[in-house]
Amino acid sequence: MKLKGVLKTLGVAGGLVAGLMGSAQAADAPKPFDGSKKVHIAMVRQLIEGEFMQMYLAGAQRQADLMGVKLTTLGKNADNQAQANFMYQAINMGVDGIIVQHGLTETMKKPAADAVAKGIPVVAFDVDLQHPEINQIAQDDHLLGKMALDAMVKDYGGKANVGYVYVAGILPLDKRDVSFQEVKKANPGIKEVARTGTLESPFSVKNAEQVKAVLRANPDINAYFAPFDEFGKGVILALEENNMTDKVKVYTADISTQDIQLMIKPNSPWAATAATNPAAIGAVSVRALAKKIAGEKLEHDITIPPMLFTQQMLKDSGVKTMKQLRDKFPKFNHVERAMAPWIPVDKKGLF
């Protein structure tokens, strides 16, 4: 889904609304959000591909528009060196603040520290930049992984031969892996049979290729843990091509309209996913950076709580799209993190 389409879905009215909302808040807002200058922030991205990333960016853009803030995005999908280079580009642009979205600690730690040294406020989403002045924004990835795995344990009575999709070094995946290790230890009947994983694009197709080989070599696998929805799509592609959708259930993280469609289709192997609202996280990222730029108090670790959605929940509630999901499960919409009286909130309850 293109960003323009996502923004339209989220109800973005464009520059007019942004201007009106920004000016409405200016009188009560601290500098530089009081209209004394046009605030310019950058988002330096490592992961771009997939609906989660598009919705995250749409939420960030929506919040920036509501505040009258210019948001510049920089990034090349899964290119770590390019992300580091883009960080220096943002520094040289003289932006008022930077959001770092995903990435590797080893490639982004120094560029981020250099930004802070230049006096540029920085917040990070789903990457540990190991700096006391850089606030960390994250889904509660440990709980997110545990929710999906607890659904698996329940469905299988504590005994399953599990295939696993995992790429080490990506902070949210590493946290979800901790949950998997804990669940295996607590449930000896949950056995990891095989492990694969790649961030080569396109994620779903490349992971499907690996999973197909795993399924052929390990016909005893009867469950799959793929804690990123693009990984989950790859597993489902592999199951469909191997005619195994009736033999293996899939447990993932994240949710989107495409994910919902795959979960509710007849004979779908996608049993459950634990998720947060990506648009809400994007909005939180912008709000957190704004508070930091304004010099307001901001907790170092900002954690977003997830919800579990099972296939049966979606079917029972008649949910087919993200809009319907937000309507049926309103607590999924808004995340009360990094709030301030002078920061406008989306009136449609999207975040």
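Numbers below:
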| item | result |
| --- | --- |
| Nonlocal amide H pairs with GLY68, under 5 Å, H built at 1.01 Å | GLY22 |
| Virtual spin-label span in nm between LYS110 and ALA168, 7 Å along Cα→Cβ | 2.3 nm |
| HN-Hα J in Hz across the stretch 333-340 - Karplus 6.51, -1.76, 1.60, θ = phi - 60°, x for Gly and Pro | 6, 10, 10, 7, 10, 6, 8, 7 |
| Extension reserve of the LYS31-MET339 stretch, reckoned as 0.36 nm per residue once the Cα distance is removed | 109.2 nm |
| Net lengthening on full extension, LYS331/LYS118 (0.36 nm per residue, minus Cα-Cα) | 72.8 nm |
| Distant-in-sequence amide H partners of PHE228 (H built 1.01 Å from N, under 5 Å) | ALA253 |
| Residue (of GLN210, MET313, PRO172) at the positive-pole extreme of the chain, dipole from beta-carbon charges | MET313 |
| Structure-based [θ]222 nm, the chain - -39500 (n - 2.57) summed over DSSP H runs of at least 4, per residue, nearest 500 | -14500 deg cm²/dmol |
| Highest-fluctuation residue, ALA213, ALA84, ALA148 considered, GNM on the chain with Cα pairs under 10 Å | ALA213 |
| For the chain: rounded, prolate or oblate by the Cα gyration tensor [a/c cutoff 1.5] | prolate |
| Peptides 188-195, 45-52, 105-112 ordered by average Cβ neighbours within 10 Å, highest first | 45-52, 105-112, 188-195 |
| Gaussian network model of the chain, springs between alpha carbon atoms under 10 Å - residue of GLY282, GLY145, GLY318 with greatest fluctuation | GLY318 |
| Dipole magnitude (debye, nearest 20) for the chain, charges at Cβ of Lys, Arg, Asp, Glu | 600 debye |
| Of PRO32, PRO341, PRO202, the one that fluctuates the most in a GNM where the chain has Cα springs shorter than 10 Å | PRO341 |
| Computed lengthening from LYS347 to SER201, 0.36 nm per intervening residue step minus Cα-Cα distance | 48.9 nm |
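Each value in this text was obtained by applying a stated rule to the coordinates, not by laboratory testing. Model, not experiment: these values are computed from the prediction. Positions of Cβ are backbone-derived with ideal geometry, glycine not excepted, and every protein chain shown enters the neighbour counts.
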